[in-house]
1. Using +1 at the Cβ of each Lys and Arg and -1 at the Cβ of each Asp and Glu in region 193-264, identify which of Thr222, Gly255, Thr194 lies farthest towards the dipole's positive end.
2. Label points 7 Å out from Cα along the Cβ direction at Val260 and Ser239: separation in nm?
3. Could you let me know the centre-to-centre spacing of region 294-320 and region 211-255, using Cα atoms, in angstrom?
4. Among the listed pairs Lys168/Lys221; Lys200/Lys236; Lys236/Lys332; Lys168/Lys257; Lys173/Lys221, which are separated by more than 29 Å between their Cα atoms?
5. Using Cα pairs under 8 angstrom and six or more residues apart, how large is the relative contact order of region 119-231, in percent?
Amino acid sequence: MANHFRSSEGQDGMAPVQQPETPMPIEPQVAPIDSADVTQPAPLSEAPAQPAPQPTQAQQPVSASRVPSLDIPVMNQAPAAQQAAACPAEPSDGFDPTNEAGFTTAFAPITAEADTRSVNAGGTPVISFQDVSMVYPAQPNKPALQGVNVDVYAGEFVFLVGHSGSGKSTFLKLITRELKPSHGRVMVAGQDLTNMRNWKVPYLRRQIGCVFQDFKLLPDKTIFDNVAFALECIGKPRSVVRAQVPEVLRLVGLGEKMDVYPDQLSGGEQQRVSVARAMVNRPPLLVCDEPTGNLDPAISLGIMKLLERINRTGTTVLMATHDREMVDSMRKRVIALEAGHVVRDEERGGYGYYGSF
Ligand SMILES: Nc1ncnc2c1ncn2[C@@H]1O[C@H](COP(=O)(O)OP(=O)(O)OP(=O)(O)O)[C@@H](O)[C@H]1O
């Protein structure tokens, strides 16, 4: 799946059990307004400089260039009513947004070097789990995660696979600080989430774009307004919203549908809106929980191409999935969980054999 992107140019002994945190409201503080120019990379965060860690066996060198910084809310923090209506009939349009005219401007152009780039495993990991365990109070004798050690570096594209209940969603929720670990340390962009003050959490979440299986779009807002909402929540001025929203919607091939409502879109189109919303402020890290779980294979492929394209611009992508075919075809890094343990971490892995879910 490498080259179709190029042609489009121009176009994260147990300690005491920890209670899950009450979800944070969207952006109680409004951060300083920054530039509207989403084409310019910015530093990941105010993360303190750290000594270079030793790369693990699984890391292989993705892109040294990098990393765009952003202001983006965690999208599942939005009001409950946002669940989209059931997906309408899904046209098998085999849509490939990377072939759309005007595909490019929000993201860095893909250059020949992009295909040969390597992950910089020598820097600070974007995500670092250090002997992490998570025990839910309701299941004190069954840790959802136990003794997990994982580093993910800037520019990687990583699949998180495993049986239902193996701990994938828990892993992702630790990265967005929806949960705190019962034991161990979770670092994201050099920041220790274990000790992070609650008021800082919204700032962390601005750096993490989230895409979910159920899209979580606001049914009573147009596509434009759904994406704009992500920027408005973090205090972006109208001019920034007006510049960035159409651009990112064109990127996902929905430039002509900005004024329609979610229930007027197919499931694949709704997921593309969800990706646009997650990426509109260019977070350096994209976390996806079963993003293709509600989509048929042709539509899933379009979404995966879009995510791979986004990864090629330097965005680190971590995706929990049951999509065997997709994982096998993409040959990206695969981390497999089983009963809360990492049982496999392969550089260019396949889905593996887990029976039926
Ligand atoms: N809020 C909760 N309270 C108690 N136990 C929970 C909670 N959330 C998850 N668990 C348990 O933690 C374990 C891991 O769940 P998790 O949702 O992380 O798995 P998963 O791999 O994401 O599953 P799926 O693929 O079905 O989404 C399971 O045993 C689950 O029952």
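1. Thr194
2. That separation, rounded to one decimal, is 3.3 nm.
3. Region 294-320 and region 211-255 have Cα centres spaced 18 Å from each other.
4. Values: Lys168/Lys221 31 Å; Lys200/Lys236 18 Å; Lys236/Lys332 35 Å; Lys168/Lys257 33 Å; Lys173/Lys221 27 Å.
Pairs exceeding the cut-off: Lys168/Lys221; Lys236/Lys332; Lys168/Lys257.
5. It comes to 26 percent, rounded to a whole number.
Any read-out appearing in this document is the output of simple, stated calculations on the displayed coordinates, not a laboratory observation. Everything numeric in this text was worked out from a predicted model, so none of it was measured. We place every Cβ from the backbone using ideal geometry, glycine too, and count neighbours over all the protein chains shown.
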